[in-house]
Structure formats: structure tokens, C-alpha cells
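Everything on this sheet refers to the single structure shown next.
The values are calculated or read from the model by the stated rules, or taken from the named source; none is laboratory data. Keep in mind that what you see is a predicted model, and the values were worked out from it rather than measured. Neighbour counts are summed over all protein chains in view; Cβ atoms, including those assigned to glycine, are modelled from backbone coordinates with ideal geometry.
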Amino acid sequence: MVSSLTSVLLVGLILGIKHAIEPDHVIAVSTVASNTKKWWRSSFAGIFWGIGHTATLFIVGIMVIALKGTIPEGWSLWMEVIVGVMLVYLGFKSMIVARKEKVGQVNDKRSPYLKSVVIGSIHGLAGSGALVLLTISSVDHIWEGALYILVFGLGTVIGMLFFTTVLAIPFLLSKSKSFHYNLTRFAGLVSVLFGVYYMYSVW
């Protein structure tokens, strides 16, 4: 039994890492990380995304497992749409921030970590259905399900930490304000376009 549970948890960790670098997750966090100018701030944005994502998955997952229920299809659909709307918003916001920075206006100096937690939480709601179904089919007890979700969440933290750390490299290699501006605008544009496509594809 121990060996079987260990295998399930290992799979959960790997799936969590893979899950973190799905396009909608990567693009959303890119809009946050691209507005930071320090390596550690970019990395921590990824960590806090994973924390928010895991918290939501844990709450929803345990409720569904305990009640032996399922995520209503309509709920899942609307949450996916909300993710698309969020991507569009984050993209426009990123481009606005880049524009303000270019013309010398004061940027929003608040910590990006709360924003990362919120983004991760929304992604957690949108993707909770598939995770819960997988968890229910893989474990026998609620504590095993809870452990699986936490390990899965650890995987998402690791995956997003790696991505946001790599994302910071271009900003460290170049001190050009023009480069920073163009890269931030590009990240914002990609987020807007992908958000529109995402809503179209799930609707």
C-alpha cells in the first residue's frame, strides 16, 4: 500500500510541474513577472501563484472528495471563461503599466505577490474538476486525497518557480529601458490574444 501511495504521489508531483507550465498559466504569470526588475521578485511571483493555486485546489478538492460529488459542468465552463477574461485584463494592464513607465510616470509599486495569489486561485478553480476526478480515482481515503493535492500543489510551485526564474533572465542581461518596455508590451499583447482565443475555445 505504501509503495502504491508513493507512486501516486510521485505521479501527482510530476503532473503538478507539468500543469504549472500550461499556456494559460505561463502567460498570466508572465504579465506579472515582466513588470518586475529583480530576479527574486519574479521568482517569488511564481511561488505565490503556486500557493494560491494549491489553496483553491485543496479546498475544492477536499469538499468534493468528502461529499463524493462532482464539479457541475456549468461551473467549470464559467470558470474557464473567467480565466479568459482575466488573461485579457492582465494583458491590457501590463501594456498600460509599460506605457506609463516609458513616459516616466510613477508605476504601481505594490507587491506583485497578492496579484499572483489571486491569479493562481482563479486558475485553481478553473482546473479543479480534472484534478479532483483524478484524485478520487487514485486514492482510497480522504487524507490520501489531501496529501495528493498538496504534493500536486508542490509540483505547481516548483514548475512555476522554474519558469518565472528563467523569465527574469532577459531583464538581467539587458539594462535597456526600451527592451523592457517592448518585452512587457509583447507579454501583454500575447495575454490579450490568448485570452480571447481561450474564451472562444471553451465556449
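Points to keep in mind about this one:
- Cβ separations smaller than 6 Å between residues 6+ apart or across chains give the following pairs from segment 58-77 residues that are surrounded by fewer than 15 Cβ atoms within 10 Å (Cβ to Cβ) to residues that are at pLDDT 75 or above and not charged (D, E, K, R): Ala66/Ile142.
- Against the list (1) surrounded by 19 or more Cβ atoms within 10 Å (Cβ to Cβ); (2) in contact with a Pro (Cβ under 9 Å, 6 or more places away or on another chain); (3) not polar (S, T, N, Q), the condition Phe179 fails is (1).
- Hey, Ser42 among the hydroxyl-bearing types (Ser, Thr, Tyr) and farther than 21 Å from Ser116 by Cα or not: no
- The set of residues from segment 147-187 being in contact (Cβ under 8 Å) with a residue 12 or more places away in the chain and basic (Lys, Arg) comprises Lys177, Arg185.
- Odd one out for Gly188 among (1) surrounded by fewer than 18 Cβ atoms within 10 Å (Cβ to Cβ); (2) within 20 Å of Met86 (Cα to Cα); (3) not aliphatic (A, V, I, L, M): (1)
- Filter result for the condition that a residue is farther than 20 Å from Ile14 by Cα and either modelled with pLDDT under 85 or among the β-branched types (Val, Ile, Thr) (or both), over Thr135, Thr156, Thr165, Thr184: Thr184
One line per residue, one yes/no per condition, for (1) touching a residue at least 24 places away in the same chain (Cβ under 8 Å); (2) surrounded by fewer than 22 Cβ atoms within 10 Å (Cβ to Cβ); (3) under 19 Å from Leu87 (Cα atoms); (4) in contact with a Gly (Cβ under 7 Å, 6 or more places away or on another chain):
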{"site": "Ile14", "(1), (2), (3), (4)": "yes, yes, no, yes"}
{"site": "Ile21", "(1), (2), (3), (4)": "yes, yes, yes, yes"}
{"site": "His25", "(1), (2), (3), (4)": "yes, no, yes, no"}
{"site": "Thr31", "(1), (2), (3), (4)": "yes, no, yes, yes"}
{"site": "Ser34", "(1), (2), (3), (4)": "yes, no, yes, no"}
{"site": "Lys38", "(1), (2), (3), (4)": "yes, yes, no, no"}
{"site": "Ser43", "(1), (2), (3), (4)": "yes, yes, no, no"}
